[in-house]
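See structure below.
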Amino acid sequence: MKTIQQASMYSLSIMLLCGFLGAVAITPDAIANTAPRMKLTKPSATGGGHQLHGGQQHGKQGAQPQPRRRGAGKQLLLENGEGATVEFWAPDLGFQEIKVEGGRFSIPKPAVDNYHAVVAERQQGDLKQAAVRYEYMRGKPSSESPSRLAAAQKTEFEIEPAPIPREHSRYMANKKWDFILRFKGKPLSGVPVVLETSQGSHIEAVSGDAGLVQFIIPDDFPEVKLGRRNNPPAELSLFAKYKAESTRYETTLSAAYYVDPGHWRSKGLGVAVAGLGLLAGGFIGGIGRSNKRGKKQ
Amino acid sequence: MNLSAIRKLVQIAAFGFMVYGSGLIGYYTVDKFSNALPALSCAFNHNTGDYCTLIPFQHQMAHRVGETIANEGNLLQGLIPTLITLGTFLILFVILSKAFCGWICPLGTFQELLSMIGQKLGLQQRKSVDEKVVKRIRPVKWLVLFFLVFFLPILTGLGYASHDLVDPYCKICPSRILTTLANGNTDQLVVDQANPVTMGFSIFGDFLFGLMIALALTVRQPFCRICPMLAMNATFRKLGLLKLTKNASSRCEKCGLCAKACPMDIREIHTEMVKKDVTFEDCTLCGRCVEFCPDKNVLQLKYATIPIFSASSDYFKKRKKAQKAWEKVTLASLKQPTVQPEAKS
Ligand code: SF4
Ligand code: SF4
């Protein structure tokens, strides 16, 4: 009896210890329990459309095409960023300051197309905070590669998308995406990074060699409808903190992400249909061969 | 080394660059070589070295031309991106002409590889497709180009067709499936059940992909015959510096080896007795007809009027011998036990 009791006590303490360690592993102190993070997001009014080529908004299916406002600016929100300065970076690394009132601001019409970066920075005592967001803008063709903008040091502590999603691509749930953590332009390894979504998911990873950190974006859309355009994007943000000498640094990278089209695309059926094509091709080719033999005879 | 062997090497290098080239030149659109390539190198493959010109055309028809007309905007302004794409395409096309098909296109290379596999597996090859069938199939590429690359995207821009028809040709293009699969990405070989339009197009695209693979094992270049890029290239064929030319001889009438060698079954190369420029609409400038022409200088590949490869009887003899030796090597022939000299006696 005593042995059973002892065994139960042991199991209970092991379970409690595991639970405690588990809790630490899943939500380490430092990252999860920070004050509200400064981040750049889209005002919710823009949700519901679908972003093609990173920026152009289309109406719902069946709607008439909207007049395209080429080079039109975009509305953004700076959350928890009172007192921060905001810069708008062009693909050629030129930048300008943007006025922010009440957290809401518009990014100006760009001179050229392609990805631009919005960078917010703030210093409060020994804490330096930064928030970065990349937006695809329309304009005259730019000959600059977005890799230059992504890799450029725009703020001291930064999460670089490696790469930013290209045309015909966007951040999508269930896909693996790479990021590089940089401090003063140099890759930083061994630092925890957290990915959170506007739909409540929370994932953590630690930057590895060359500052690389990978995330599979969670498939957390509560309600999925058929077709990309019927599913508005949600917001994700990556957050990391780091201390160097006597300064604490925090950085956020935010972006829109989309439903995994695998919800309405079947690979199994695709293979089956291609298989039917193979059979049909074999049949037609076979007829050809027997015809030929027939003629020869 | 014969012309076909040189061509194979160029095709392999081009396939590597077109399908995996982003590591060399970069991942983003502006990093790509031209974004208006006269061959089916696919934009859906993120590792591509360059894009085919059909994708910008489709998007521009929908978003620039169609929407400009719908919004009563300035059509000339709406056409500017298309003119830029066309200009880039033409610069490339002038340099290499229809050789983009015969030497560069990854889908063309893949079909040739399948044909080679079919031959090595011992599947009976169709030397030539029936003349009537060839003639019946020829207009299809023009219809695909007109309806799927230009007309439907414009209708979409005008608001008369589903938004899923912005790039209808891409939805059925075998290069999209091939080049993504070649990178281990299975996202394009799917049935898209979002709506009836995507479902219909994806089923057709998958079926066409399977059909092309099976046919290519026994028929030469089955997809090329209906490819809209072939039609696009045919439209501008007079502008290319590289040309196939013919100085017809009286022996041509009885010969016809050139037409038999042609993977696109262009019998007119044989029958044409007057025209000098025989770069016909289906020609891919692969040069096989020149290799298999036994008569000196009758067929020539010329670059800006300078002959760069000409038919000759010596070359023909060597080439024919090499071809026979190559065709003899099949899986079955490799399996056959070697006959020992003693056994013979
Ligand atoms: S799907 Fe075909 S037409 Fe479209 S971009 Fe790819 S290769 Fe070009
Ligand atoms: S005709 Fe053939 S070789 Fe030419 S672009 Fe089309 S698939 Fe490629």
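The values are calculated or read from the model by the stated rules, or taken from the named source; none is laboratory data. Worth saying up front: this structure is predicted, and the values here are computed from it rather than measured. Glycine also receives a Cβ, built like all others from the backbone with ideal geometry; neighbour counts cover every protein chain displayed. Keep in mind that these areas ignore ligands, DNA and RNA; they rest on the heavy atoms of the full protein, side chains included. Shrake-Rupley method; radii C 1.70, N 1.55, O 1.52, S 1.80 Å.
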Residue pairs meeting the criteria (Cβ under 9 Å; at least 6 apart or on separate chains; first without any contact (Cβ under 8 Å) to a residue 24 or more places away in the chain, in the range B:1-19; second assigned to a helix (DSSP H, G or I) and open to solvent by 40 Å² or more (accessible area, probe 1.4 Å)): B:M1/B:L9; B:A5/B:A322
Test result for B:L145, more than 13 Å from chain A (Cβ to nearest Cβ) and within 13 Å of ligand 2 (Cβ to nearest atom): yes
Single residue of B:L178, B:L239, B:L257 found to be open to solvent by less than 20 Å² (accessible area, probe 1.4 Å) and touching a residue at least 12 places away in the same chain (Cβ under 8 Å): B:L178
Failed item in (1) surrounded by fewer than 16 Cβ atoms within 10 Å (Cβ to Cβ); (2) in a loop (DSSP other than H, G, I, E, B); (3) under 15 Å from the mean Cα position of the chain (by Cα), with A:Q153 passing the rest: (3)
Total residues in the range B:35-63, condition away from every other protein chain (no Cβ under 13 Å), more than 8 Å from ligand 1 (Cβ to nearest atom) and more than 22 Å from B:F151 (Cβ to Cβ): 4
Meets criteria (surrounded by 24 or more Cβ atoms within 10 Å (Cβ to Cβ), over 16 Å from the mean Cα position of the chain (by Cα) and more than 16 Å from ligand 1 (Cβ to nearest atom)) for B:G200: no
Hey, B:Y20 more than 25 Å from B:K141 (Cβ to Cβ), within 16 Å of ligand 1 (Cβ to nearest atom) and surrounded by fewer than 19 Cβ atoms within 10 Å (Cβ to Cβ) or not: yes
Count - residues of the range B:117-142 that are open to solvent by less than 40 Å² (accessible area, probe 1.4 Å), within 12 Å of chain A (Cβ to nearest Cβ) and away from ligand 2 (no atom under 16 Å from the Cβ): 2
Scope the range B:35-54; condition open to solvent by less than 10 Å² (accessible area, probe 1.4 Å) and more than 16 Å from B:C224 (Cβ to Cβ); matching residues: B:A36, B:A43, B:N45, B:T48, B:G49, B:D50, B:T53
Residue tally, condition within 13 Å of ligand 1 (Cβ to nearest atom) and either touching an Asp or Glu at 6+ places or on another chain (Cβ under 7 Å) or free of Cβ contacts under 8 Å to residues at least 60 places away in the same chain (or both), over the range B:207-236: 3
Out of B:L114, B:L92, sole residue that is within 14 Å of chain A (Cβ to nearest Cβ) and within 15 Å of ligand 2 (Cβ to nearest atom): B:L114
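Within the range B:163-269, considering only helices (runs of 4 or more DSSP H) that don't extend past its boundaries, which have at least 3 residues that are facing chain A (nearest Cβ under 9 Å)?
B:196-216
Rundown of residues vs (1) more than 7 Å from chain B (Cβ to nearest Cβ); (2) of a type in the set (S, T, N, Q); (3) under 24 Å from A:G81 (Cβ atoms); (4) loosely packed, with under 15 Cβ neighbours inside 10 Å, yes/no style:
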| residue | (1), (2), (3), (4) |
| --- | --- |
| A:A240 | yes, no, yes, no |
| A:T251 | yes, yes, yes, no |
| A:V259 | yes, no, no, no |
| A:G262 | yes, no, no, no |
| A:G268 | yes, no, no, yes |
| A:V271 | no, no, no, no |
| A:G281 | no, no, no, no |
Residues of the range B:257-274 satisfying the condition of being more than 27 Å from B:F110 (Cα to Cα) and touching a Lys or Arg at 6+ places or on another chain (Cβ under 7 Å): B:E272
Filter result for B:A216 (buried (at least 23 other Cβ atoms within 10 Å of the Cβ), among the small types (G, A, S) and under 18 Å from the mean Cα position of the chain (by Cα)): yes
Residue among B:L299, B:L285 that alone is within 16 Å of ligand 2 (Cβ to nearest atom) and either open to solvent by less than 40 Å² (accessible area, probe 1.4 Å) or over 28 Å from B:V140 (Cβ atoms) (or both): B:L285
Residue count for the range B:95-131, restricted to those that are within 16 Å of ligand 1 (Cβ to nearest atom) and of a type outside the set (S, T, N, Q): 8
Out of B:R288, B:R267, B:R319, sole residue that is touching a Cys at 6+ places or on another chain (Cβ under 8 Å), at pLDDT 95 or above and charged (D, E, K, R): B:R288
Residue satisfying all of: in the range A:124-142; within 14 Å of chain B (Cβ to nearest Cβ) and in a strand (DSSP E or B); most open to solvent (accessible area, probe 1.4 Å) among these: A:K140
B:S162 vs. criteria away from ligand 2 (no atom under 16 Å from the Cβ), over 30 Å from B:Q124 (Cβ atoms), hydroxyl-bearing (S, T, Y) and open to solvent by 20 Å² or more (accessible area, probe 1.4 Å): yes
